[in-house]
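Reviewing the structure listed below.
Rule-based calculations on the coordinates, nothing more; no lab input. It should be emphasised that the depicted structure is a prediction, and the values quoted were computed from it without experimental measurement. Reconstructed Cβ throughout: ideal geometry from the backbone, glycine too, with neighbour counts over all protein chains shown.
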Amino acid sequence: MIPFAFVLLQAAVSGQAAAPPPVAPAHSVDGEGKTVVVVGRRVEDSARALAACIARQCPPKEEIDASLAYAEDQFLAGDYPEAQRTLAKARGRNMRYKRELPVEVGDLLRASGRMLAVNGQRDAARITAIDSLDALKSGLPSTDR
């Protein structure tokens, strides 16, 4: 589970501004008396950030980043089907920007493909991997394809 979360995190790194700020750290003491600090975002916060972004018609790059952040939070919370739905909706809203934002759309498609694989939809995951490659290629000059 951690490798996929890391991939989603990598894909969302450029969108830190679109993601909600982390919640205050939770402190606890382990069995040896050491303090353990846990920092994270709540799913509800990233959901609100994405909804606000869509409502204000934010630029596609911000919307992709917010969608990736929300899907990552859903994934980490164990809600794999909803994470896939979030990515599918983002794909529907942003595929038309693949020429202008090939890397961002490619990241969105890559995350969607990985989530499809996690959800057992291997054939759809393969097709989405091809779509991701096509999105990346669409940003290249025609002489470089």
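If we count other beta carbons within 10 Å of each Cβ, what is the order of Met115, Met95, fewest first? Working shown, then result.
Details: Met115 28, Met95 13.
Starting with the residue having the fewest Cβ neighbours, the order is Met95, Met115.
Checking the cross-link filter: which lysines have an alpha carbon closer than 25 Å to that of Lys89, excluding same-chain neighbours under 8 positions apart?
Within the straight-line cut-off, Lys89 pairs with Lys61, Lys98, Lys137.
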